[in-house]
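The values are calculated or read from the model by the stated rules, or taken from the named source; none is laboratory data. If you're wondering where the values come from, they're calculated on a predicted model, not measured in any experiment. Using ideal geometry, Cβ is built from the backbone for each residue, glycine included, and neighbour counts are taken over all protein chains shown.
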Amino acid sequence: MDIRYFDNAATTPVKEAVLEEMFPFLSVEYGNPSSIYGLGRRAKRAIEEARSRVASLLKCKPNEIIFTSCGTESDNMALKGMAMFQKNINSGKNHIITSKIEHPAILNTCSTLEEQGFEVTYLDVDKNGFVNIETLMNSISDKTFLISIMYANNEIGTIEPIYKIAKIAKSHGVIFHTDAVQAVGNVDIDVKKMGIDMLSLSGHKLYAPKGVGALYVREGIELKKFLDGGHQEKDKRAGTENVAEIVALGKACELAEKNLDEYIIKLKGFRDYFFNQITQKLKNIRINGDLEKRLPGNCNICFEGIESSDLLLKLDAVGICASGGSACSSGDSAPSHVLSAIGVPNNIAKGALRISFGDFNTMEDVEFLVSTIEDIISTQN
């Protein structure tokens, strides 16, 4: 049975060119980047080349990129690092603003910081998942030191007004961080033009392996490190570097930058065809998220009277991989916090299906997906 994979928001396959570039650093180029002999120096050069490639995709300086193990670590480093820095300098600032539809890596980090005495405002969003700019402005106080709003939502694909948020943050002297794990490689990002101070990304969302990520930190911003050890990553993140996967991330970013326009057009074509076909063929469905300002490959719909778990099992039986929401929340039986935040009733939210297209999909795959869903839903009803 052929596998047709439509869960690229959860993880992506590793591209062949990425595997080829990283493989030598799993075999013959095994040097420690901190060693001064040739084998170590070559590993160090490979890391710096990867850093430049990541920086090129984000349009920032290479020295503003810190390599991490994943998007979750990047989020933790940004929020906890900034919070602890404020505490250490006795700035008197202890207030963070975020949204109710953030990834658990942000929400749970904020919860931990609340336990340590920090105050957090969780902004409501509208029916399409957008943060209200006026509400954001009214939430800022003289205690606010950080605003963290995700670039694009991992479930419904809505792209937030990042430029406006960053501009507001800057006008109030507040640092702006964005969790861009879903956005990097899917939309064009210029951190300088957009006024972004910190940005998190993860390799396995853009065709690199799991286990590597990065945090962009604008030059001049200070973070308190929370891993003690050696002086790797400019003394910001201790631990011997994962050279092979850093190299892989660099290559993936290079490919993403080179093919971005074509990639966006391709995924939008799949997305729009899927939405058009599914709304024509089936009734009693709800599309979640904004139809225009959303990730190019994201589709999130609810089927009334259908349990998403049943639908996913039936799709899996014919080789289709999809999800009911965030992969990081798949073990949670409660309704999606994102769908709840945009006002989807629980009885409808339980029928949610997230489809996320990627570079390895074809239009034939999409047509098969539509016809299969139509058959399953029609039979169910």
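Applying the criterion of at least 3 residues that are in the same structural domain as K193 (by TED's automatic domain parsing) and charged (D, E, K, R) to the helices (runs of 4 or more DSSP H) found wholly in segment 25-127 leaves 38-58, 71-88. Put simply, of N88, N32 the only residue that is farther than 30 Å from V318 by Cβ and in contact with a Lys or Arg (Cβ under 7 Å, 6 or more places away or on another chain) is N88.
Scanning segment 3-24 for residues that are assigned to a loop (DSSP other than H, G, I, E, B) and either farther than 28 Å from A180 by Cα or of a type outside the set (D, E, K, R) (or both) gives I3, F6, N8, A9, A10, T11, T12, P13, V14.
For the residues I246, I285, the requirement of being among the β-branched types (V, I, T) and either surrounded by fewer than 24 Cβ atoms within 10 Å (Cβ to Cβ) or not assigned by TED's automatic domain parsing to the domain that holds S74 (or both) singles out I285. Only one residue in T144, T135 is under 16 Å from S99 (Cβ atoms), touching a residue at least 12 places away in the same chain (Cβ under 8 Å), of a type in the set (V, I, T) and surrounded by fewer than 19 Cβ atoms within 10 Å (Cβ to Cβ). Which one? One residue alone meets the criteria, T135.
Taking the conditions (1) basic (K, R); (2) crowded, with 21+ Cβ neighbours inside 10 Å; (3) outside the structural domain of L39 (by TED's automatic domain parsing) in turn, K266 satisfies each one other than (2).
Table: residues versus (1) touching a strand residue (DSSP E or B) at 6+ places or on another chain (Cβ under 7 Å); (2) more than 24 Å from V184 (Cβ to Cβ); (3) without any contact (Cβ under 8 Å) to a residue 60 or more places away in the chain.
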{"site": "E16", "(1), (2), (3)": "no, no, yes"}
{"site": "V28", "(1), (2), (3)": "no, yes, yes"}
{"site": "S52", "(1), (2), (3)": "no, no, no"}
{"site": "C60", "(1), (2), (3)": "yes, no, no"}
{"site": "M77", "(1), (2), (3)": "yes, no, no"}
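Return yes or no: is P209 closer than 19 Å to A10 by Cα and either in the same structural domain as I65 (by TED's automatic domain parsing) or surrounded by 21 or more Cβ atoms within 10 Å (Cβ to Cβ) (or both)? It is true that P209 is closer than 19 Å to A10 by Cα and either in the same structural domain as I65 (by TED's automatic domain parsing) or surrounded by 21 or more Cβ atoms within 10 Å (Cβ to Cβ) (or both).
Table: residues versus (1) over 22 Å from N138 (Cβ atoms); (2) surrounded by 22 or more Cβ atoms within 10 Å (Cβ to Cβ); (3) among the aromatic types (F, W, Y).
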{"residue": "N154", "(1), (2), (3)": "yes, yes, no"}
{"residue": "P161", "(1), (2), (3)": "no, no, no"}
{"residue": "I165", "(1), (2), (3)": "no, yes, no"}
{"residue": "H172", "(1), (2), (3)": "no, no, no"}
{"residue": "H177", "(1), (2), (3)": "no, yes, no"}
{"residue": "V184", "(1), (2), (3)": "yes, yes, no"}
{"residue": "V187", "(1), (2), (3)": "yes, no, no"}
{"residue": "M194", "(1), (2), (3)": "yes, no, no"}
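Within segment 219-243, residues that are more than 22 Å from G203 (Cα to Cα) have Cβ atoms under 7 Å from residues that are of a type in the set (F, W, Y) in these pairs: E222/F85; L223/F85; K224/F85, counting only partners at least 6 apart in sequence or on another chain. Of all residues in segment 57-70, those satisfying the criterion of being buried (at least 16 other Cβ atoms within 10 Å of the Cβ) and more than 16 Å from E233 (Cβ to Cβ) are L57, L58. Touching a strand residue (DSSP E or B) at 6+ places or on another chain (Cβ under 6 Å), assigned to a helix (DSSP H, G or I), assigned by TED's automatic domain parsing to the domain that holds D190 and over 19 Å from A341 (Cβ atoms): does that describe M137? Taking the combined requirement at face value, the residue does not satisfy it. Restricting attention to segment 108-128, the residues that are touching a residue at least 60 places away in the same chain (Cβ under 8 Å) and touching a Ser or Thr at 6+ places or on another chain (Cβ under 8 Å) total 3. Going by what's in this entry, would K258 be described as outside any strand (DSSP E or B), within 30 Å of E21 (Cα to Cα) and either charged (D, E, K, R) or assigned by TED's automatic domain parsing to the domain that holds F357 (or both)? Considered against the rule, which asks whether it is outside any strand (DSSP E or B), within 30 Å of E21 (Cα to Cα) and either charged (D, E, K, R) or assigned by TED's automatic domain parsing to the domain that holds F357 (or both), K258 comes out as yes. Taking residues in segment 345-373 that are closer than 20 Å to A317 by Cα, and partners anywhere that are part of a strand (DSSP E or B) and among the hydrophobic types (A, V, I, L, M, F, W, C), the pairs with Cβ atoms closer than 6 Å and at least 6 places apart or on different chains are G351/C302; G351/F303; A352/C302; L353/I301; I355/C299. Taken over segment 235-256, the criterion of being of a type in the set (D, E) and touching a Pro at 6+ places or on another chain (Cβ under 7 Å) is satisfied by E241, E245.
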